[in-house]
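**Q** Handing you a structure now.
No value in this document is a laboratory result; all are computed from the given coordinates. Computed from a predicted model, the values in this text were never measured in an experiment. As a convention, Cβ positions derive from the backbone with ideal geometry for all residues, glycine included, and neighbour counts pool all protein chains shown.
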Amino acid sequence: MATFRLPVNGIDVVLRPPAGQDDVLLAEADRYEPGLAQALVEALARPADGSALDWAEVTLTDLDAALLAIRRMVLGDHISSSARCAPAEGFAAGPGCGAPIDLGFAIGDYLAQHRPKQPRGVARCDDPAWFALDGADVRFRLPTHRDLAAIAAVPDPERELARRCIRPPDADARVRRRIERAMEALAPNLYGTLEGVCPACGATVHIAFDPQRYVVEELRQRAAFVFEEVHLIAGLYRWSEATILAMPRTRRARYAELIHDARSRG
Ligand SMILES: [Zn+2]
């Protein structure tokens with residue numbers, strides 16, 4: 001168990017490590033799907049004060065931060081990401097010598113670098129979900145996960161986002177740009193770019209870091225043997241699936257390993 005304060009809405013959540021049922025959820029998906037990130041956070045994080053939290057109503061920043069905090073609890077603070085020296089698309093870089101580059105970083109540092117800030121000229125309204133801009137008769141709120149899902153399904157997402165999050169929605173382009181900058185400062189995007197320098201040729205290399213995909217894939221790998229483990233343990237001890245899935249993962253893996261070892265010794 002760990003507690004974590006969501007950076008944007010300030011809610012303290014209690015996190016628990018994935019249990020057998022969560023491993024099944026992860027292992028049952030054939031491939032990575034963005035929906036898994038929200039399902040995982042819904043299962044593993046709950047408000048510390050016992051209230052209910054609709055995770056579709058939080059910002060992407062808070063969802064991604066919760067996911068990174070879960071990863072830190074389960075696998076530690078250090079993310080070891082590596083890349084090959086190659087010219088990245090859209091970035092000026094050297095020719096790419098192919099050498100490995102370490103792009104590792106600490107989750108704590110990453111979250112600190114992406115801490116929300118309230119920009120000058122932006123004030124919270126009486127309804128704390130809404131913000132006002134100095135010198136413009138306009139209100140806005142931060143897009144939630146639900147807003148982002150809704151706009152992804154329409155032909156003009158920008159207009160739909162304005163309709164949902166800006167009052168009046170037809171603010172002029174200059175005001176819209178100010179709102180966009182304020183939204184990014186209040187709820188920084190944790191989908192970011194990692195930068196590293198090639199130790200061999202000195203070229204600068206960039207790779208995209210998607211916290212949702214990264215953490216879900218990592219936890220999926222960790223959960224990959226859940227069915228095999230249940231199969232082995234149930235076969236020998238005749239325990240029910242529910243009993244085996246209720247065990248802490250380390251214990252489940254330990255039993256499965258013992259059975260493996262005993263079989264391999266013949
Ligand atoms: Zn290089």
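**Q** Inside segment 108-159, can you point out the residues that are in a loop (DSSP other than H, G, I, E, B), of a type in the set (A, V, I, L, M) and surrounded by 17 or more Cβ atoms within 10 Å (Cβ to Cβ)? Spell out how you get there, then give the answer.
**A** The first filter runs over segment 108-159 and keeps only residues in a loop (DSSP other than H, G, I, E, B), leaving 114-121, 125-129, 134-138, 142-144, 152-156.
Subset that is of a type in the set (A, V, I, L, M): 129, 136, 138, 142, 152-154.
Residues satisfying the conditions are V138, L142.
**Q** Criterion first (under 21 Å from the mean Cα position of the chain (by Cα) and in contact (Cβ under 8 Å) with a residue 24 or more places away in the chain) does L245 satisfy it?
**A** Values: under 21 Å from the mean Cα position of the chain (by Cα): no; in contact (Cβ under 8 Å) with a residue 24 or more places away in the chain: yes.
Considered against the rule, which asks whether it is under 21 Å from the mean Cα position of the chain (by Cα) and in contact (Cβ under 8 Å) with a residue 24 or more places away in the chain, L245 comes out as no.
**Q** Which one of these does A65 not meet: (1) in a loop (DSSP other than H, G, I, E, B); (2) buried (at least 18 other Cβ atoms within 10 Å of the Cβ); (3) more than 16 Å from the ligand (Cβ to nearest atom)?
**A** Against the list (1) in a loop (DSSP other than H, G, I, E, B); (2) buried (at least 18 other Cβ atoms within 10 Å of the Cβ); (3) more than 16 Å from the ligand (Cβ to nearest atom), A65 comes up short only on (1).
**Q** Turning to a different aspect of this structure: Would you confirm whether any residue within segment 182-194 is within 16 Å of the ligand (Cβ to nearest atom) and either free of Cβ contacts under 8 Å to residues at least 12 places away in the same chain or closer than 30 Å to G96 by Cβ (or both)? Full working, then the answer.
**A** Step one: of segment 182-194, the residues within 16 Å of the ligand (Cβ to nearest atom) are 194.
Add one more test, that the residue is either free of Cβ contacts under 8 Å to residues at least 12 places away in the same chain or closer than 30 Å to G96 by Cβ (or both), and what stays is 194.
The answer is yes, given that some residue of segment 182-194 is within 16 Å of the ligand (Cβ to nearest atom) and either free of Cβ contacts under 8 Å to residues at least 12 places away in the same chain or closer than 30 Å to G96 by Cβ (or both).
**Q** Continuing with this model, one more query. Those residues that are buried (at least 16 other Cβ atoms within 10 Å of the Cβ) and closer than 11 Å to C85 by Cα, I need them from segment 190-200; list them, please.
**A** Matches in segment 190-200: G196, C198.
**Q** For segment 34-53, name all the residues that are without any contact (Cβ under 8 Å) to a residue 60 or more places away in the chain and either among the charged types (D, E, K, R) or crowded, with 21+ Cβ neighbours inside 10 Å (or both).
**A** Residues satisfying the conditions are V41, E42, L44, A45, R46, D49.
**Q** Name the one entry in L219, L236 that is closer than 30 Å to Q113 by Cβ and part of a helix (DSSP H, G or I). Before the answer, list the steps.
**A** Values: L236 fails: closer than 30 Å to Q113 by Cβ.
Just one listed residue meets the conditions, L219.
**Q** Would you please name the residue that is nearest to A256 (Cα to Cα), looking only at residues in segment 218-241 that are among the aromatic types (F, W, Y) and surrounded by 15 or more Cβ atoms within 10 Å (Cβ to Cβ)?
**A** Within segment 218-241, the first condition is being among the aromatic types (F, W, Y), and the residues that meet it are 225, 227, 237, 239.
When the remaining residues are screened for being surrounded by 15 or more Cβ atoms within 10 Å (Cβ to Cβ), the result is 225, 239.
Numbers: F225: 10, W239: 13 Å.
Across segment 218-241, the extreme among qualifying residues is F225.
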